[in-house]
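First up is the structure itself, then whatever we jot down about it.
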Amino acid sequence: MFSEKPLEQNFHASGSLNAGIMISKVSQPWWKDATIYQVYPASFKDSNGDGWGDIAGLVSEIDYLHQLGVDVVWLSPMFESPQADMGYDISDYQKVYAAYGTVEDVDDLIEACHSRGMRLILDLVVNHTSKEHEWFRESRSSKNNPKRDWYIWKPPRYDEEGNRKPPTNWRSYFAGGTWTWDETTQEYYLHLYAPDQPDLNWENGACRRAIYDNAMRFWLDRGVDGFRVDTVNKYSKRTEFVDAIVSDPNSEWQPAPEQWCNGPRIHEFLKEMNSEVLDHYDAVTVGELSNTPDPKGVLPYVSAAEKELNMVFQFDMIRLGTGDGFGSKYEFQPWKLTQLKTFVERWQKFIEGTDGWTTVFCENHDNGRAVSRFGNDSAEYWETSAKMIALWQATLTGTLFLYQGQEIGMTNMPKEWPIEEYKDIESKNFYREAEESRDPKRIARIMQGLQILARDHSRLPFQWDGSAHGGFTSANVEPWMKAHDNYPRINVAKQVQNPASVLSFYRRMLKLRKDHADVFIHGTFELVDAKDEKVFSYVKASFDGRKRAVVILNFTEERVALSKTVTALTMGYRLLVETSTSDAREDGLLDAYAGRIYVDY
Ligand code: TEU
């Protein structure tokens, strides 16, 4: 049962009341209040009719983002790359992949952002390079090459029959093992992702300095405002290189995050990255922090005093529905609203009373669409659930990240689309692994999982209008991924002038979030009705406790009655926003997938 007392006590006990007063007196760093919008360059806007999005296309739509209320554009990798993993395999940090444009186009993009008071951040992908990067070509050329030690090379093991075996039994992210044999030098190299993505050896100081110079200073000096830091907690590996415990007896390969995640020198490396590079610029960093479920493990990364990262993406919530472990990622597990609440609560509250900061997001290029996963993309509920998600995200504490298309309620790809429409290396490898098992049930399970969770869903072309390919590219061109069948119904042109559209609602919510920043962006979070499996309700309050908002979100297809707790809590409060226009409120009800905010001020 919710009461006001624990909330008040919590402020004092944690010391956050004082911290709150202090914080409100000193100026906040710009990135806390920022709304950051992720652009996936291949799929945003094609300006030259080659079926791939490009930087010039993004520049042409900067006003669209500006009018939406975006402060910062995060551009996913646009660097030179063989595209084994859509640019997360970089072969030259200082060149731009030709289909995306040139370094000068990035200069134009910086100018387009800065001239509107916006900022630009890039993806920093420095756990690994492409195997085509000059550093790796040199490293693999001979054991005596000066760059040999820039990657992680190990000799083979041999079993009793004398068969060659990799150094460990670790499973890689994209199925298969983490080691690939190199004929020339007769050793294995490590890759946590695809064999095309060899891991850099951060133990080597010259390698680290080359990363700082090549991948960071080069772009910061051109005016880039920071980085989304890819796979940030995997730079430091344990150096014993021992087998992982067998948790999947049916596989040769075992998950081993304890061997290569949050390793012994990770905090040292991040502090060095700050003192050598980031401290010299007004740059923001948001790190991608997987495999770290305990807030105690996350805090050191985001505590201001530690000078490591400004904030991180913690993945508990976005991983809802994925199978446990690595091999079963695409074995869909139905989840409960109470699990979602637990995750949201944990990652909202973990910074209270600390000098750390958090993020708010429910989509990115590695996951299915939020409206299809957390809402309902059927014709009946698509619009209301997309708005409910907007309301949810806009009222949470932390820096808010939106993914392209979220603001118009883009959905997962149609379930009928065959496996051939899935282009992602991870989808393809998991499907192939299932096929190799020759187990029809497993194949069906993986396909069903991909239909909900695949990274492909978010990579479909952006839906600008009702013309061919949703206006993403020229009519006579085949885009690199097929446009969704629903683009005539869901697109920007249809929504931009309509005040009742999902897009207009997002615009309104982003503004409202800033107008009530002390409550929504910086406030405390208190869960209400923790056990309720239908309605997600919470109280946001300003740090001084003077302003309170009650947010209620219906995550079901049913019209529900408000609980006694919520009814009591909102007594005398003013309705600030509601997604649904029916008369449900007068009867103490909340429509399917509807949301509301009440405030006491
Ligand atoms: O992802 C890192 C990562 O480990 C996961 O979060 C990712 O979602 C993947 O699906 C794991 O199963 C980052 C990028 O976001 C991703 O697109 C890249 O493929 C990956 O790094 C490798 O660079």
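None of the figures in this text is laboratory data; all of them are computed from the coordinates on show. Predicted model only: the values in this text are computed from it and were never measured. Note that we place each Cβ from the backbone using ideal geometry, even for glycine, and neighbour counts take in every protein chain shown.
Within the stretch 110-140, the set of residues being more than 16 Å from the ligand (Cβ to nearest atom) and either crowded, with 24+ Cβ neighbours inside 10 Å or under 19 Å from the mean Cα position of the chain (by Cα) (or both) comprises Cys113, Arg119, Leu120, Ser139. Looking only at residues of the stretch 256-307 that are within 16 Å of the ligand (Cβ to nearest atom) and of a type in the set (S, T, N, Q), we find that the one that is nearest to the chain's Cα centre (by Cα) is Ser290. Contact map, the stretch 246-258: residues that are free of Cβ contacts under 8 Å to residues at least 12 places away in the same chain paired with residues that are assigned to a loop (DSSP other than H, G, I, E, B), Cβ distance under 9 Å, separation 6+ or inter-chain. Pairs shown: Asn250/Gly327. Looking across the stretch 190-209, the residues that are within 16 Å of the ligand (Cβ to nearest atom) and either not in a loop (DSSP other than H, G, I, E, B) or not hydrophobic (A, V, I, L, M, F, W, C) (or both) come down to Leu190, His191, Tyr193, Pro195, Asp196, Gln197, Pro198, Asp199, Leu200. Of all residues in the stretch 363-399, those that are in a helix (DSSP H, G or I), away from the ligand (no atom under 16 Å from the Cβ) and of a type in the set (A, V, I, L, M, F, W, C) total 9. Across the stretch 428-455, the number of residues qualifying as in contact with a Lys or Arg (Cβ under 8 Å, 6 or more places away or on another chain) and surrounded by fewer than 23 Cβ atoms within 10 Å (Cβ to Cβ) comes to 2. Based on what the data block shows, is Ala394 closer than 19 Å to Trp31 by Cβ, touching a helix residue (DSSP H, G or I) at 6+ places or on another chain (Cβ under 9 Å) and small (Gly, Ala, Ser)? Against the criterion (closer than 19 Å to Trp31 by Cβ, touching a helix residue (DSSP H, G or I) at 6+ places or on another chain (Cβ under 9 Å) and small (Gly, Ala, Ser)), Ala394 qualifies.
Against the test of being within 16 Å of the ligand (Cβ to nearest atom), farther than 17 Å from Gly471 by Cα and touching a Gly at 6+ places or on another chain (Cβ under 6 Å), the options Pro82, Pro77 yield a single qualifying residue, Pro77.
Yes/no matrix, rows are residues, columns are (1) polar (S, T, N, Q); (2) touching a helix residue (DSSP H, G or I) at 6+ places or on another chain (Cβ under 8 Å):
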residue	(1), (2)
Ala34	no, no
Asn48	yes, yes
Leu58	no, yes
Ile62	no, yes
Glu80	no, no
Gly87	no, yes
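Comparison of Arg585, Arg546 shows that the only residue that is assigned to a loop (DSSP other than H, G, I, E, B) and surrounded by fewer than 20 Cβ atoms within 10 Å (Cβ to Cβ) is Arg546. Within the stretch 485-508, the set of residues being farther than 19 Å from Ala390 by Cα and in contact with a helix residue (DSSP H, G or I) (Cβ under 7 Å, 6 or more places away or on another chain) comprises Tyr487 only.
Within the stretch 375-392, the residues that satisfy the criterion of being buried (at least 22 other Cβ atoms within 10 Å of the Cβ) and either of a type in the set (A, V, I, L, M) or closer than 23 Å to Ala34 by Cβ (or both) are Ala386, Lys387, Met388, Ile389, Ala390, Leu391, Trp392. Among the numbered conditions (1) within 15 Å of the chain's Cα centre (by Cα); (2) within 16 Å of the ligand (Cβ to nearest atom); (3) crowded, with 23+ Cβ neighbours inside 10 Å, the only one that Val360 does not meet is (2).
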